[in-house]
Amino acid sequence: MADRDRLDLEGRYNYEGTGSGSLWIGYSLKPREWTITPMVGAVIGDTHGIAPGIEATWTHRKLYFYTEGEYVIADEKFAYFWTELSYSPVAWLRAGVAAQRTRLYKTSVDIQRGVFAGVTYRKMSLLTYVFEPGSDDQSVVITASIEF
């Protein structure tokens, strides 16, 4: 992800489908505590097509809400979303709840729910998400990021 002023550029891999990548462009609107970014993406690889989408964040003191969604228009159309709500008791730690709807993981539930926790050191972050914890459909997602 690369942001400059209100311009948002993103590249993703294995997001819309295994063996697929996507390139995104968006423009951020910033009313008060919100950032709302309508986007459009081109999907290439095993899945190919276009995808309109949106990302939105809300920050208020120690609370943080994030959601993103997209509708992939390809041979097989589908909707994807990711939503999380977290609390940061201290600046370097945050934990919360998350939900996702994806077609990458074949599970008995359409929407996976879970918990997550993460740490930040300077401009580096590491988060771990556990969806459907303790079930046969449990999945783990680990993200690492560096801001520059």
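The values are calculated or read from the model by the stated rules, or taken from the named source; none is laboratory data. Every value quoted in this text rests on a predicted model; they were computed, and no experiment measured them. With ideal geometry, Cβ positions are generated from the backbone for all residues, glycine too; neighbour counts draw on all protein chains shown.
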### Query
Can you tell me which residue in region 1-24 is farthest from H48 (Cα to Cα), limited to those that are part of a strand (DSSP E or B), among the charged types (D, E, K, R) and touching a residue at least 12 places away in the same chain (Cβ under 8 Å)?
D3
### Task
Determine if region 95-108 includes at least one residue that is touching a Phe, Trp or Tyr at 6+ places or on another chain (Cβ under 6 Å), over 26 Å from E33 (Cβ atoms), assigned to a strand (DSSP E or B) and modelled with pLDDT under 95.
no
### Message
Six or more apart or on different chains, Cβ atoms under 7 Å: show the pairs whose first residue is in region 109-121 and modelled with pLDDT of 90 or more and whose second is small (G, A, S) and not in a strand (DSSP E or B).
### Response
none
### Query
So which residues in region 26-39 are under 15 Å from the mean Cα position of the chain (by Cα) and either closer than 21 Å to A98 by Cβ or free of Cβ contacts under 8 Å to residues at least 24 places away in the same chain (or both), if there are any at all?
T35, I36, T37, P38, M39
### From A95, A42, residue being free of Cβ contacts under 8 Å to residues at least 24 places away in the same chain, closer than 23 Å to T120 by Cα and either out of contact with any Pro (no Cβ under 9 Å at 6 or more places or on another chain) or not acidic (D, E) (or both)
A95
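Across region 36-50, which residue is surrounded by the most Cβ atoms within 10 Å (Cβ to Cβ) among those that are within 21 Å of L7 (Cβ to Cβ) and either touching a helix residue (DSSP H, G or I) at 6+ places or on another chain (Cβ under 8 Å) or not β-branched (V, I, T) (or both)?
Step one: of region 36-50, the residues within 21 Å of L7 (Cβ to Cβ) are 36-43, 50.
Okay, now just the ones that are also either touching a helix residue (DSSP H, G or I) at 6+ places or on another chain (Cβ under 8 Å) or not β-branched (V, I, T) (or both), so 38-39, 41-42.
Details: P38: 14, M39: 20, G41: 23, A42: 13.
By that ranking, first place goes to G41.
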## Note on the structure
Only unsatisfied item for W82, checking (1) of a type in the set (F, W, Y); (2) closer than 20 Å to T35 by Cα; (3) modelled with pLDDT under 90, is (3)
### Query
Within region 77-92, restricting attention to residues that are more than 16 Å from G17 (Cβ to Cβ) and surrounded by 17 or more Cβ atoms within 10 Å (Cβ to Cβ), which residue is farthest from the chain's Cα centre (by Cα)?
S88
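Residues of region 19-43 being in contact with a Ser or Thr (Cβ under 6 Å, 6 or more places away or on another chain) and closer than 18 Å to T59 by Cα, which ones?
The answer is S28, E33, T35, T37.
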### Query
E55 passes all but one of (1) within 25 Å of G21 (Cα to Cα); (2) free of Cβ contacts under 8 Å to residues at least 24 places away in the same chain; which number fails?
(2)
### Among the candidates E33, E55, residue that is loosely packed, with under 13 Cβ neighbours inside 10 Å and within 22 Å of S88 (Cα to Cα)
E33
